[in-house]
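Each remark here refers to the structure printed beneath this line.
The values are calculated or read from the model by the stated rules, or taken from the named source; none is laboratory data. Keep in mind it's a predicted model, so treat the numbers as computed, not measured. Reconstructed Cβ throughout: ideal geometry from the backbone, glycine too, with neighbour counts over all protein chains shown. These area figures cover heavy atoms from the full protein model, side chains too; ligands, DNA and RNA do not enter into them. Shrake-Rupley method; radii C 1.70, N 1.55, O 1.52, S 1.80 Å.
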Amino acid sequence: MQKVNRDVLLEKAAAMLDAGEVQAVLGWGAGEFAYDVTPRVFETSDELRADFVWNDFCGANLSKYLVSKTKKLEGKLLVFLKPCDTYSFNQLLTEHRFEREKVYAVAVPCEGMADVQKLKALAGDGISSIESTDSGFSVTTIYDDAPVEVKGADVLLEKCANCKSRKHVAYDELLGDEGEVLDSNRFDEVERIEAMTSEERFAFWQGELSRCIRCNACRDVCPACTCEKCVFDNPNSGAENKAPTTSFEEQMFHVIRAFHVAGRCTDCGECSRVCPQNIPLHLLNRKFIKDINTFYGEYQAGAEEGSRAPLVDYTLEDLEAEDVFKKEAE
Amino acid sequence: MRKCSLSKLTDLFQKINESASLYLPATDNAGGAVYTKWADGVEYLDVLNTVRSPKDFFFPQSENLMEFKLKGKNIEILDIREESEDFVIFGVRACDVKSFEVLDRVFLSEPVDSYYQNRRAHAVIISMACMRPADTCFCTAFGIDAAEPAGDVSAWKTECDLYLKANTEKGAQLLAKLSNLTEECDDSEVSPLQEKIRNIMKKLPLEGISLENFGKGKTKEYFDSPLWTELSEACLGCGTCTFVCPTCQCYDIKDFDTGSGVIRYRCWDSCMYSDFTKMAHGNSRNTQVERFRQRFMHKLVYYPENNDGLFSCVGCGRCLSKCPISMNIVKVMKALGGEKK
Ligand code: SF4
Ligand code: SF4
Ligand code: SF4
Ligand code: SF4
């Protein structure tokens, strides 16, 4: 499905590595199967040629790794960024989380990434090979059944099915053609939940959050969660908690996290992508984004480096609290 | 061996549930499966792996151990545990059944963990053979036969029938209660099924992964390997792998201040976490590389060292499918064992 070929990315990175223009390359590395891609730092062009991948399973957003990986290097780090990843990139820069000079950002156009779970639900768990076709994938399994043809559009990651932008908002170099900011349907589901009664809404979230195992994957993958020590991990914070023992604790973690990233979350979709329990965490974040748009005017975190989020900015035009309630009543 | 038509499955569940609570995999309404207490209307979901493993039954994510009540200058200590009732778990895969053996060695060795023992003693396990294993399965590496799952009762399911075979006294007692709903049949009736399963298992992409290079006495060989840095490079330290793993067994014990006393509870911990085994002097593993190494060394080297060569991984593949960055024990084994392609 991807329009830009792996080799285009590979040759770009290999040439810069060999010329000493960058010290290392942050990209996606091959796994055991066709789909289990691992973010990886490549130090030589040989490593790149052996293991670098760019395919329909490169959903992982590499931006957050820049925080730790640039600190370890003297020289520059080349990073590949999909459109959504560039929003996180800008947001991290806005928050001074890494040094811009240490990064060479290569923007890659993206046609949407596949969700392995959705693919397996349609094709079967025992995948032996996945071939890309014009419209999606042809999947063979170990069960001797005939290959299953799967439409790419049916197995997109949630974040890709509701992609907000195919446009890269930050880079040093763009490979291929630039895309556009999209009219996405990303708030439809939020509206559906807003339309519920408060009891229904409470039951909905309780049902979803009760599956949480507090593995922290959502937090640890989140580019907006870059605190050196999270309160939930800090034994001295009084809020440390490793397991949700009550439904209150289940909710507390998520409500606090959602508030903490409000105005900073770029809606990169990583939290929902990695949740082992398929909890639709993006809906919490999108509710905040939608409310910010409604109350303070359109704002997209990460669209512009250095922009001030409405929640941490004061203008004379800001709504008064009572107006918020009035607007909500409408 | 006993046999029952699938059309009588609900009656069978009903009957089991009459004498002991029955738990089985059912939809979690989010694309996965979760062990659910059976009641009329709860449908058995024949999925391969539940997201959370059945270790939860014996070693729940959190449990209260005791309570301290302050009365003036006295502290009263209350044993707040509840005696477990008898229960039956239906549909446990061969890998997960094996995980109980791994956990038993930890919790039932002296000093015996009476909380765990209490639940374990009250459970009857009905396993289920795997007709359609996943590409992430590698149980065969650990000598597990998915065509002949262990447990108190082993079960096989075809399009129309369920076959049940008792392996233990407890299992035989359970099957005796179900005799009206089942009929006697010959063990050989499941042989074609077993052969089919074993043939599919041979086609698994991870078939043939070797444990030869792991186990007892390998600490020195791997501890200082430079590969740990590369392998752990992308690890988020999230702990998903440990929480979905049926054999991960580490926990933390904590005190919760209730205002008028203290509830002492324990909850799962993860060696991937920064405050794991934090002591007065600080933490013994300060980097993610060290924490990451701990998880895999524990499974592949330390545990076998202390348990007659038994590994503390059963090849269920949960960490393969759930790790956000797709790093897992198979990749570690292949890299360390020099098998990397
Ligand atoms: S990733 Fe999912 S299960 Fe894990 S802590 Fe976040 S919401 Fe809970
Ligand atoms: S190996 Fe994967 S699941 Fe385990 S802590 Fe690291 S990132 Fe999380
Ligand atoms: S380490 Fe992974 S494959 Fe092994 S038992 Fe644990 S979750 Fe399953
Ligand atoms: S690892 Fe083996 S026993 Fe477990 S689900 Fe897969 S095939 Fe079945």
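Scan B:GLU230, B:GLU221 and give me the residue that is farther than 28 Å from B:VAL51 by Cβ, away from ligand 1 (no atom under 16 Å from the Cβ) and facing chain A (nearest Cβ under 9 Å). Let's see the steps before the verdict.
Working: B:GLU221 fails: facing chain A (nearest Cβ under 9 Å).
When all the criteria are applied, what remains is B:GLU230.
One line per residue, one yes/no per condition, for (1) basic (Lys, Arg); (2) more than 14 Å from chain A (Cβ to nearest Cβ):
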position	(1), (2)
B:ARG2	yes, yes
B:PHE13	no, yes
B:SER21	no, yes
B:GLY32	no, no
B:PHE58	no, yes
B:ASN74	no, yes
B:ASP79	no, yes
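Have a look at A:THR294, A:THR266, A:THR245 and point out the one that is at pLDDT 90 or above and over 22 Å from the mean Cα position of the chain (by Cα).
On inspection, the qualifying residue turns out to be A:THR294.
Here are some conditions: (1) in contact with a Cys (Cβ under 7 Å, 6 or more places away or on another chain); (2) outside any loop (DSSP other than H, G, I, E, B). B:PRO246 meets all but one. Which one does it not meet?
(2)
Scan the stretch A:71-94 for residues that are part of a helix (DSSP H, G or I), away from chain B (no Cβ under 14 Å) and farther than 27 Å from A:GLU111 by Cβ and jot them down. Can you show your working first?
Our first condition is that a residue be part of a helix (DSSP H, G or I); within the stretch A:71-94, this holds for A:71-72, A:83-94.
Pick out the ones that are also away from chain B (no Cβ under 14 Å) and you get A:83-94.
Listed by number, the list holds a single entry, A:THR94.
Given the condition aliphatic (A, V, I, L, M) and more than 20 Å from B:GLY239 (Cβ to Cβ), answer yes or no: does some residue in the stretch A:245-259 qualify?
yes
Return the residue satisfying two criteria in turn: it lies in the stretch B:297-313 and is away from ligand 3 (no atom under 14 Å from the Cβ) and either assigned by TED's automatic domain parsing to the domain that holds B:PHE100 or of a type in the set (S, T, N, Q) (or both), and of such residues it is surrounded by the fewest Cβ atoms within 10 Å (Cβ to Cβ).
Across the stretch B:297-313, the extreme among qualifying residues is B:ASN306.
Of all residues in the stretch B:173-211, count the ones that are of a type in the set (A, V, I, L, M) and either over 16 Å from B:PRO149 (Cα atoms) or modelled with pLDDT under 95 (or both). Before you say what the answer is, go through the steps one by one.
If we filter the stretch B:173-211 for residues that are of a type in the set (A, V, I, L, M), which is where we start, we get B:174-176, B:178, B:181, B:190, B:193, B:197, B:200-201, B:204, B:206, B:209, B:211.
Among the residues that remain, those that are also either over 16 Å from B:PRO149 (Cα atoms) or modelled with pLDDT under 95 (or both) are: B:174-176, B:178, B:181, B:204, B:206, B:209, B:211.
Counting residues in the stretch B:173-211 that are of a type in the set (A, V, I, L, M) and either over 16 Å from B:PRO149 (Cα atoms) or modelled with pLDDT under 95 (or both) gives 9.
Mind checking which pairs have a first residue in the stretch B:263-287 that is away from chain A (no Cβ under 12 Å) and a second that is open to solvent by 10 Å² or more (accessible area, probe 1.4 Å) and among the aliphatic types (A, V, I, L, M), Cβ under 8 Å, 6 or more apart or different chains?
From residues that are away from chain A (no Cβ under 12 Å), the pairs are B:ARG264/B:LEU65; B:ARG264/B:MET66; B:ARG264/B:ILE253.
Does B:ASP252 satisfy the condition of being of a type in the set (D, E, K, R) and either closer than 24 Å to B:ASN49 by Cα or more than 8 Å from chain A (Cβ to nearest Cβ) (or both)?
no
Can you pull out every residue in the stretch A:271-315 that is farther than 19 Å from A:LYS64 by Cβ, open to solvent by 30 Å² or more (accessible area, probe 1.4 Å) and either within 14 Å of chain B (Cβ to nearest Cβ) or within 16 Å of ligand 3 (Cβ to nearest atom) (or both)?
A:ASN278
Would you be able to tell me the number of residues in the stretch A:192-210 that are exposed (fewer than 12 other Cβ atoms within 10 Å of the Cβ) and either part of a helix (DSSP H, G or I) or in contact with a Cys (Cβ under 8 Å, 6 or more places away or on another chain) (or both)?
Adding up the residues that qualify gives 4.
Check the stretch A:53-65 and report whether any residue there is open to solvent by 30 Å² or more (accessible area, probe 1.4 Å), within 21 Å of A:SER165 (Cβ to Cβ) and touching a residue at least 24 places away in the same chain (Cβ under 8 Å).
For the stretch A:53-65, residues open to solvent by 30 Å² or more (accessible area, probe 1.4 Å), within 21 Å of A:SER165 (Cβ to Cβ) and touching a residue at least 24 places away in the same chain (Cβ under 8 Å): present.
Pull up the stretch B:177-218, narrow it to residues that are surrounded by 13 or more Cβ atoms within 10 Å (Cβ to Cβ) and without any contact (Cβ under 8 Å) to a residue 60 or more places away in the chain, then point me to the one that is nearest to the other protein chains (Cβ to nearest Cβ).
The selected residue is B:LYS203.
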